[in-house]
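Here, each number is a calculation from the coordinates, and none is a lab measurement. Owing to the predicted nature of the structure, the values given are computational and were not obtained by experimental measurement. Virtual Cβ from ideal backbone geometry, glycine too; neighbours counted across all protein chains shown.
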Amino acid sequence: MKIVVALKQVPESGAPIRITADGKWIEDRDFQYTLNEPDAYALEQALLLKEQNGGEVVALSVGPDRAQAVLRDALAKGADRALHIACDDLHRRDALAVARLLAAAIKPESPDLVLTGLQSDDMGHGQTGVLLAELLGLPHASLILQVEATSTGLMVKRELEEGWFQTIELPTPALLTIQSGGSKLRYATLMGIKRAKTKELRSVPASDLGAPSEPVAVLESVSLVRKQKTTQFLTGTPAQAAAALVEKLQFEARVL
């Protein structure tokens, strides 16, 4: 089984947020970066399937040169090779433009399975994976916690609302977006880190893939959330004021 897993490098949580002078993005000079958490679970599912069924795991990432760090980590954990799509303006591309880049890189690989995280910790759109499935013409399922290969394709466990789960079958090739928490993440061993140095990590400029780069959604500006306090006076009889307060707590504050 040949599996391509898409990985994104994101800022670590708790990073200080400052807006750039032009107001169009976030100042990232002091950021520390890490692997997007749902993508880490996607990588773990890929490695588990490889251990159970054999095959090859190809790690794929879009971003500037620093994004190669997540690919090296994936190689150290057990991925067989990696492909880096060099792109210095990733934040200016919407989910569709990123999915087009990924699709252009994945199509020549002809994988049996494509895995992505459910969403990214920085943008949180939750769109790239399903858009990628459409561009590749693959059946897909989202919110996946577990994946099992069968004689006819895949058996997957999906997380639904309120503690409910769903098990469905899909043919291959297919694309799955993976939810966090479905398995225990592994660490890279010292031997894995040494072996990673001999594995292929190829970098391709985004412009060489021939994918359209124009976004559908254009980011005009970003701003910090402004905290505001307001005071409301409830008039009427005590009973009327109490009823109005309960209504506001239920439907505005949503604490009841």
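Any residue that is touching a Lys or Arg at 6+ places or on another chain (Cβ under 8 Å) and within 30 Å of Arg93 (Cβ to Cβ) - is there at least one of those in segment 222-229?
So far as segment 222-229 goes, yes, one or more of its residues are touching a Lys or Arg at 6+ places or on another chain (Cβ under 8 Å) and within 30 Å of Arg93 (Cβ to Cβ).
Within segment 176-197, identify whether any single residue is of a type outside the set (Val, Ile, Thr), touching a Lys or Arg at 6+ places or on another chain (Cβ under 9 Å), closer than 22 Å to Gln119 by Cα and assigned to a strand (DSSP E or B), and answer yes or no.
no
From (1) touching a Lys or Arg at 6+ places or on another chain (Cβ under 9 Å); (2) surrounded by fewer than 22 Cβ atoms within 10 Å (Cβ to Cβ); (3) small (Gly, Ala, Ser), pick out the condition that doesn't hold for Ala59.
For Ala59, the failing item is (2).
Assigned to a helix (DSSP H, G or I), among the small types (Gly, Ala, Ser) and surrounded by 17 or more Cβ atoms within 10 Å (Cβ to Cβ): is that true of Ala67 in this structure?
So Ala67 passes the test.
If I ask for residues that are in a helix (DSSP H, G or I), in contact with a Ser or Thr (Cβ under 8 Å, 6 or more places away or on another chain) and more than 22 Å from Glu12 (Cβ to Cβ), which ones from segment 105-144 would you list?
Matches in segment 105-144: Gly129, Val130, Leu132.
Looking at segment 198-221, which of the residues that are outside any strand (DSSP E or B) and surrounded by 14 or more Cβ atoms within 10 Å (Cβ to Cβ) is farthest from the chain's Cα centre (by Cα)?
Step by step, filter segment 198-221, then rank; the result is Lys199.
Quick one: count up the residues across segment 83-104 that are assigned to a strand (DSSP E or B) and under 17 Å from the mean Cα position of the chain (by Cα).
Here the count works out to 3.
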